[in-house]
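A quick write-up on the structure given underneath.
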Amino acid sequence: MSSHREAPEISKDPVADSTDLYAFVSPDKPGTVTLIANYIPLQEPSGGPNFYEFGDDVRYEIHIDNNGDSRADISFQFRFTTEVVTPETFLYNTGPITSLSSPNWNRRQSYSVSVASGNGPGRNIASGLTCPPCNIGPLSTPDYAALAAAATHDIGSGITVFAGQRAEAFYVDLGSIFDLGNLRPFQTANVFGKTVFNKNAPGVNATNHLNVHSIAIQVPITALARTSKPVIGVWTTASRQRVRFWDADHGKNVDSGPFRQVSRLANPMVNEVLIPMGKKDQWNSLPPADDKLFASYFASPGFSGLLPTLYPEVFPNLNALNKSGKPRADIEAIFLTGLPTGIVPGFTNLTGPIQADMLRLNTSIPPATSKLSTLGVVGGDLAGFPNGRRPIDDVVTIELRALAGLTYPLVDKTFTPDAAAKAVTDGLDGTSVANPPAGHFPYLGTPYDGYRNPS
């Protein structure tokens, strides 16, 4: 869900489908920011013999706005190259892969990293960086942790990068939520569930034991944020060249022409839940600076309008707010501008008046220690979502509660949220992830292998 198969066209192109974006001050290196863009959603670990990989024909980018105009001031670009060592075998590997140079590893990927300023061309800062293989099983990848560690590259200027398979950290009950907005812990109150369920149930993590492909980069804060402007806006995009044709003589696709954006992601679940079906593909093709075209869907979120209908008599105050026609200035601030000073004591991640979906990170706020909460800012932890996003943040619960009206008193102190707004959840938390995030770069957990997780 965060952004898994979120639009009709990109759902047909998983290699270019951005699933999650994370931006946070590194807990073990607080002078740096870690940015993680995940792609290729819902990977079954046993999906061989053609295991998952980045697209050689896709330009992956992570963008940073550091002056508040919602346009990229810095863009990190990642391009991948696939090599087949032994074309005459059908196998991904012909024996145990014990190192990144193992002759047993038949289909391997490397990549380059470039950095661009504004609309300028990219400047290569690293090339020939090796990705780790997919985690196949105890015979093929007997020491996967060592392979992943060897694929973590220091490329100079205090920058560290990693690109490869990791465990999915995002947890969500997809099977329930997309069944007419059902939430298992409250399913007996659902207008359709009343006739089907005789008791509530715990949530089920639909993404557990699944993998993603991650592009992670750790950069000194001083290289991203401007002096006296600690808040940065972050988003990721994937682009393809405009023309593709099949070269029958060589048995491969050939791409040509300028690149066009096919996927975009910043805040979780924006295109998934807030943008209507008829405009999802358009959303994916545009930059954040054009998000004023979609502002009405934040001012009047469709899901907020559905909640009182799906759960009759549970959200009377939200229903009254919806009927008043007042714009949801809290949702607009969370997703489109950032929160100004004075709304939450000691906190701001405001980038300015331009409405744009960016993951806004105040780099001057240190990582949480004693006040760590997976509910982020609404849980009293100013280092968590929507101040950037950490892999541990329970963004589904946070956004469910915000859309249910819990955050509206931030902009209208006369409003009283419904009791359910403080409790609504899909019933999951960090313990719902079998391979949880780690405390060091690249932070996401070891990917699940196909032998122990066959389906």
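General observations
- Qualifying residue in the stretch 1-18 (condition: touching a helix residue (DSSP H, G or I) at 6+ places or on another chain (Cβ under 9 Å), within 16 Å of GLN165 (Cα to Cα), in contact (Cβ under 8 Å) with a residue 40 or more places away in the chain and not in a loop (DSSP other than H, G, I, E, B)): yes
- Taken together, the residues in the stretch 257-313 that are under 17 Å from VAL234 (Cβ atoms), assigned to a loop (DSSP other than H, G, I, E, B) and open to solvent by 40 Å² or more (accessible area, probe 1.4 Å) amount to 1.
- None of ILE343, ILE392 is within 22 Å of the chain's Cα centre (by Cα) and of a type outside the set (Ser, Thr, Tyr) except ILE392.
- The set of residues in the stretch 326-369 that are open to solvent by 60 Å² or more (accessible area, probe 1.4 Å) and over 30 Å from THR227 (Cβ atoms) comprises LYS326, PRO327.
- In the stretch 378-400, the qualifying residues are those that are assigned to a helix (DSSP H, G or I) and without any contact (Cβ under 8 Å) to a residue 24 or more places away in the chain, and the one that is surrounded by the most Cβ atoms within 10 Å (Cβ to Cβ) is ILE398.
- Residue that is farther than 28 Å from ASN66 by Cα, out of contact with any Gly (no Cβ under 8 Å at 6 or more places or on another chain) and either open to solvent by 80 Å² or more (accessible area, probe 1.4 Å) or of a type outside the set (Ser, Thr, Tyr) (or both), where the choices are ALA248, ALA201, ALA206, ALA216: ALA248
- Scanning the stretch 121-155 for residues that are open to solvent by 30 Å² or more (accessible area, probe 1.4 Å) and either assigned to a strand (DSSP E or B) or over 19 Å from ILE97 (Cα atoms) (or both) yields a count of 11.
- Only a single criterion out of (1) of a type in the set (Gly, Ala, Ser); (2) assigned to a strand (DSSP E or B); (3) farther than 30 Å from PHE335 by Cα is not satisfied by SER239, namely (3).
- Some residue of the stretch 158-166 being under 26 Å from the mean Cα position of the chain (by Cα), free of Cβ contacts under 8 Å to residues at least 60 places away in the same chain and part of a loop (DSSP other than H, G, I, E, B): no
The values are calculated or read from the model by the stated rules, or taken from the named source; none is laboratory data. All values reported here derive from a predicted model rather than from experimental measurement. So basically every Cβ, Gly included, is an ideal-geometry build from the backbone, and we count neighbours across all protein chains shown. Protein only, heavy atoms only, side chains kept; ligands, DNA and RNA dropped before computing areas. Shrake-Rupley method; radii C 1.70, N 1.55, O 1.52, S 1.80 Å.
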